[in-house]
1. Which residue, of 133, 147, is surrounded by fewer than 17 Cβ atoms within 10 Å (Cβ to Cβ), within 18 Å of residue 106 (Cβ to Cβ) and under 26 Å from the mean Cα position of the chain (by Cα)?
2. Considering only helices (runs of 4 or more DSSP H) fully contained in segment 28-77, which possess at least 1 residues that are at pLDDT 95 or above, under 20 Å from residue 184 (Cβ atoms) and touching a strand residue (DSSP E or B) at 6+ places or on another chain (Cβ under 7 Å)?
3. Would you mind telling me which numbered condition in (1) more than 18 Å from the chain's Cα centre (by Cα); (2) crowded, with 20+ Cβ neighbours inside 10 Å; (3) modelled with pLDDT under 95 residue 80 fails?
4. Please work out which one of (1) in contact with a helix residue (DSSP H, G or I) (Cβ under 7 Å, 6 or more places away or on another chain); (2) in a loop (DSSP other than H, G, I, E, B); (3) more than 20 Å from residue 247 (Cα to Cα) is the condition residue 211 fails and give its number.
5. Which is within 24 Å of residue 121 (Cβ to Cβ) and out of contact with any helix residue (DSSP H, G or I) (no Cβ under 9 Å at 6 or more places or on another chain), of 48, 87, 83, 77?
6. Within segment 189-203, does at least one residue satisfy the condition of being modelled with pLDDT under 95, buried (at least 17 other Cβ atoms within 10 Å of the Cβ) and outside the structural domain of residue 44 (by TED's automatic domain parsing)?
7. Inside segment 195-208, can you point out the residues that are assigned to a loop (DSSP other than H, G, I, E, B) and within 10 Å of the chain's Cα centre (by Cα)?
8. Looking only at segment 158-170, decide whether some residue is closer than 27 Å to residue 280 by Cβ and assigned to a strand (DSSP E or B).
């Protein structure tokens, strides 16, 4: 009887420990958007995240996935890995309208790739090697259509050499990342998880320009078979500026989206709307 009680107690204790461990693991898991934003310099002005695995797995979203699959960067990646389906998520970061940083977009991809296999493919394609902060940068030969590549742990970077070095500086904690910007961080935390998420630093020449707007973005998530829910968030310098822009934001969003609803909380404006998957797929490029 005593032995059975001891065994039962041990099983209960093991269950508690496993549950506790699982809870710790979940709490430490950062959103994919934040992880990839931590790979590009703080001066970046535009950042777009794509949930490639989600797009690949859902037949209703294949129109959007095709926009990634047919991009020049995806075509390059397909030459380097066994199958494109191993790409989990991807993002493109570029400089702000008033910055010289990342004027040519840098692509960041997370994938379960075999580094040895990728490096063999790069050598077969006659890429040359250079090193920066103990990271190899692979550069294609003259006349080849490929952009330089850098491989980090579970991450592949594609971009110009100077831009790859800027991203490596961020990874090595020698420079601040886009996610370190407090306004961008507020925006990223307000945007819900989505299949495509856009983040923009506001500037006078931005596509969406309102007085005292600091940052803005949109998250697209599947609502049903051919419909996406859009959540747009705008970060202003103060509450009055947000209040003054509320109606104009609703009118502007209504030009491209359906069922637009807007609300304000202090200096933040949040809007929700709808758009068909087919319409959305026609308007975006990776």
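The values are calculated or read from the model by the stated rules, or taken from the named source; none is laboratory data. Just so you know, these numbers come straight off a predicted model, no measurement behind them. All Cβ positions, glycine included, derive from the backbone under ideal geometry; neighbour counts span all protein chains shown.
1. Going through 133, 147 in turn, just one is surrounded by fewer than 17 Cβ atoms within 10 Å (Cβ to Cβ), within 18 Å of residue 106 (Cβ to Cβ) and under 26 Å from the mean Cα position of the chain (by Cα): 133.
2. 32-37
3. Evaluating residue 80 over (1) more than 18 Å from the chain's Cα centre (by Cα); (2) crowded, with 20+ Cβ neighbours inside 10 Å; (3) modelled with pLDDT under 95 leaves (3) as the failure.
4. Only one criterion in (1) in contact with a helix residue (DSSP H, G or I) (Cβ under 7 Å, 6 or more places away or on another chain); (2) in a loop (DSSP other than H, G, I, E, B); (3) more than 20 Å from residue 247 (Cα to Cα) is unmet by residue 211, namely (3).
5. Of 48, 87, 83, 77, the one residue that is within 24 Å of residue 121 (Cβ to Cβ) and out of contact with any helix residue (DSSP H, G or I) (no Cβ under 9 Å at 6 or more places or on another chain) is 83.
6. Looking for residues that are modelled with pLDDT under 95, buried (at least 17 other Cβ atoms within 10 Å of the Cβ) and outside the structural domain of residue 44 (by TED's automatic domain parsing), one finds at least one in segment 189-203, hence yes.
7. Passing the criteria: only 195.
8. There is at least one residue in segment 158-170 that is closer than 27 Å to residue 280 by Cβ and assigned to a strand (DSSP E or B).
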